[in-house]
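The values are calculated or read from the model by the stated rules, or taken from the named source; none is laboratory data. Please read all numbers here as calculations on a predicted model, not as lab measurements. Here the Cβ positions follow ideal geometry from the backbone for every residue, glycine too, while neighbour counts run over all protein chains shown. Ligands, DNA and RNA are stripped out before the accessible areas are found, and what is left, the full protein with its side chains, is counted by its heavy atoms. Shrake-Rupley method; radii C 1.70, N 1.55, O 1.52, S 1.80 Å.
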Amino acid sequence: DVKVTQSSRYLVKRTGEKVFLECVQDMDHENMFWYRQDPGLGLRLIYFSYDVKMKEKGDIPEGYSVSREKKERFSLILESASTNQTSMYLCASTTGQFSNQPQHFGDGTRLSIL
Amino acid sequence: SQQGEEDPQALSIQEGENATMNCSYKTSINNLQWYRQNSGRGLVHLILIRSNEREKHSGRLRVTLDTSKKSSSLLITASRAADTASYFCATDAPNFHSGTYKYIFGTGTRLKVLA
């Protein structure tokens, strides 16, 4: 089974801090995604990557950046955390260049910015 | 917003009853997927239906797709307490510039199955 592991289940940080969320997948998937999930808004795509060192902006990239130095690892960076970035963050991966593959999700990181 | 919408937002039924939830989307698609999310966990893939398919079954799940109405429905038959979860649809959205694609998720339906 594909395993997508997010480094922390719960994280509390302060306003203005630089925050790193890490995601690792063990199935050699080409594509990785970062979403945030907020009540009533569903999942919104922040960034995605289809290859090492490649990245594309999703629907809400402002305030975030990403890094993909190795195929299995995709990091989400909050450059200067703000309270409106308090949310559940979900990482996912898929294989292949077509959209007919399921996404495999980690269990999420619930991030609180104080 | 490109997001899809699901209807109803919340649904509460008795064990053994059927649960139907609907998804509407805005752009043309190649595939539509349904996912389940248990409380505090990540999403789990349930079923994928291609744009040229009208109906698909998997165990107690039945998915229909109407591309002319840009809508899909998920039916869970003979529901169980363990089906209590949130359910999301996701559609693909190609990025022709880069040759990649992303997924657009609906806002979800919270299903509660009472024992």
Checking the range A:36-104 for GluC sites (Glu not before Pro) in a loop per DSSP with at most 10 other beta-carbon atoms within 10 Å yields A:GLU62
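Give, in nm to one decimal, the length gained when the segment between B:THR77 and B:SER24 is fully stretched (0.36 nm per residue of separation minus the Cα-Cα distance). Mind dumping the intermediate values first?
Values: separation 53, 0.36 × 53 = 19.08 nm, distance 2.10 nm.
Extra length from B:THR77 to B:SER24 when fully extended: 17.0 nm.
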Over chain A, what is the relative contact order in whole percent, taking alpha-carbon pairs under 8 Å and six or more residues apart? 36
Nitroxide proxy distance, nm - points 7 Å out along Cα→Cβ at A:GLU69 and A:LEU41: 3.0
For the cross-link pairs B:LYS70/B:LYS112; A:LYS57/B:LYS70; A:LYS18/A:LYS57, which exceed 21 Å when the distance is taken from alpha carbon to alpha carbon? B:LYS70/B:LYS112; A:LYS57/B:LYS70
Looking only at the range B:81-95, which residues have a backbone nitrogen under 19 Å from a spot 7 Å from the Cα of A:MET54 in the C-beta direction? B:92-95
At the level of C-alpha centres, the distance separating the range B:25-79 and the range A:94-114, in angstrom, is 18
For B:SER68, what accessible surface area do you get with a 1.4 Å probe? Give it in Å², rounded to 10. 100
Pull up the cross-link candidates among the aspartates and glutamates for B:LYS69, meaning alpha carbon to alpha carbon under 20 Å and not fewer than 8 places away within one chain. B:GLU5, B:GLU6, B:ASP7, B:GLU53, B:GLU55, B:ASP92
